[in-house]
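Colleague: Dropping a structure here in structure tokens format, bear with me for questions.
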Amino acid sequence: MSNLISAALSLIVITAFLGGLAYSIWENTDDIAFPIIIALILAMVYKSAYDEIKSGPNHV
């Protein structure tokens, strides 16, 4: 159970950090490319986390 809580906290932290970074760069440069790259990276992070949770020891 503590692994799921740790995973959730890490997803929240990385989303907040990368989301804030993408927003800051978008506001200062008016370029949408970096936020799109961050969105793709976050999609990969969430997909990886979902796969790890799904293939955990409780789901044989």
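Colleague: What number of residues in the range 1-55 are under 15 Å from the mean Cα position of the chain (by Cα) and not in a helix (DSSP H, G or I)?
Modeller: 0
Colleague: All but one of (1) open to solvent by 100 Å² or more (accessible area, probe 1.4 Å); (2) among the β-branched types (Val, Ile, Thr); (3) touching a residue at least 24 places away in the same chain (Cβ under 8 Å) hold for Ile12, so report the exception by its number.
Modeller: If we test Ile12 against (1) open to solvent by 100 Å² or more (accessible area, probe 1.4 Å); (2) among the β-branched types (Val, Ile, Thr); (3) touching a residue at least 24 places away in the same chain (Cβ under 8 Å), just (3) comes out false.
The values are calculated or read from the model by the stated rules, or taken from the named source; none is laboratory data. The shown structure was predicted, so the numbers you read here are calculated from the model rather than taken from an experiment. Virtual Cβ from ideal backbone geometry, glycine too; neighbours counted across all protein chains shown. Note: accessible area is taken over every heavy atom of the protein model, side chains too, but ligands, DNA and RNA are not part of it. Shrake-Rupley method; radii C 1.70, N 1.55, O 1.52, S 1.80 Å.
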